[in-house]
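Below is one structure, written out as structure tokens; the observations come after it.
Please treat every number below as a calculation from the coordinates, not as lab data. This one's a predicted model, so the numbers in the text were calculated from it and none came from an experiment. With ideal geometry, Cβ positions are generated from the backbone for all residues, glycine too; neighbour counts draw on all protein chains shown.
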Amino acid sequence: MKHHFTFHNELEKLNKKILRLSTMVEERVRSAAMVIDTRDQDMVHKIIVTDYEIDEMEIEIEEDCLKILALHQPVATDLRFLVAVIKINNEMERIADMAVSIAMRVDNISKFNHQQAVSYNFAPMIEKVLKMLKNSIDALVNHDATLAKSIFIDDDFVDHERNKCYEETKKRIMSDCNHPGFHINTYLLARHLERIADRAVNIAEEVIYFVEGNITRFH
């Protein structure tokens, strides 16, 4: 009885940790999305210098998972949960890295000081990416495979927006050939956002695996 209680107590603690990590990552992505428009240097700096917090928690969660696997040898749903957490934990850390990449890219763009450049409208893409990330986290919290599957549809929109930004960037470089670095860095913002959406899809796939026991690969 004591072993059983300890095991499920450790699973509950692990669940709380992965949800706390998810909240931290979502906050950083929202901040990164905000600085694309505001170019707030204080926020840019904060996103970059606090990345270690995500890295440390990711390592802690992975160590907890391995400890539980070694000591309790779980099966069935509990085993699927641990496998899903290990993978989602890694995806969250990668998403946080993308938020840092966005912040660094914004910092680079600001240094070009190209005041004549027309700003690219990332708003539709940002809205969809944030929705996908939020839904992937909500699906994890609520063990909702149906919500997880809905994320796959939104990924096509994000890919389309990334491609549209790429075509627009080519036109801007041809018409403004003195500032190619500015425009390439702007396109790379779209690329980072698209990668966050891809990671949200990966999280959704792991939620489906945990809830239904089915391995799903959207792409």
Exercise. For a footprinting-style exposure proxy, rank VAL141, VAL75, VAL201 by other Cβ within 10 Å, fewest first.
Key: VAL75, VAL141, VAL201
Exercise. Sort the chain into rounded, prolate or oblate with this rule: let a ≥ b ≥ c be the square roots of the eigenvalues of the Cα gyration tensor; rounded if a/c is under 1.5, and if a/c is not under 1.5, prolate when a/b is larger than b/c, oblate otherwise.
Key: prolate
Practice problem: If a/c stays under 1.5 just call it rounded; otherwise compare a/b with b/c (prolate if a/b is bigger, oblate if not). Do that for the range 29-154, with a ≥ b ≥ c from the square roots of the Cα gyration tensor eigenvalues. | Solution: oblate
Quiz item: If the cut-off is a Cα-Cα distance under 30 Å, which lysines reach LYS87, setting aside same-chain residues fewer than 8 apart in sequence?
Solution: LYS2, LYS13, LYS16, LYS17, LYS46, LYS67, LYS128, LYS131, LYS134, LYS149
Exercise. Grab the Cα-Cα distance for LYS87 and ASP138, subtract it from 0.36 nm times how many residues apart they are, and report the gain in nm with one decimal.
Key: 16.7 nm
Quiz item: Shape call for the range 166-219 from the C-alpha gyration tensor, a ≥ b ≥ c root eigenvalues: rounded (a/c under 1.5), prolate (a/b greater than b/c) or oblate?
Solution: prolate
Quiz item: If we sort 157-164, 24-31, 99-106 on the protection proxy, mean other Cβ atoms within 10 Å, highest first, what's the order?
Solution: 99-106, 24-31, 157-164
Quiz prompt | GLU62-LEU79 pseudo-label distance in nm [points 7 Å out on the Cα-to-Cβ vector] | solution = 2.3 nm
Quiz item: What is the local net charge at LEU66, summed over the other residues whose Cβ is closer than 15 Å to its Cβ (Lys, Arg +1; Asp, Glu -1)?
Solution: -3
Quiz item: Quick one: net charge of ARG162's neighbours, Cβ under 12 Å, K/R +1, D/E -1?
Solution: -4
Quiz item: Among GLU206, GLU58, GLU12, GLU168, which comes first, then next, by fewest other beta-carbon atoms within 10 Å?
Solution: GLU12, GLU168, GLU58, GLU206
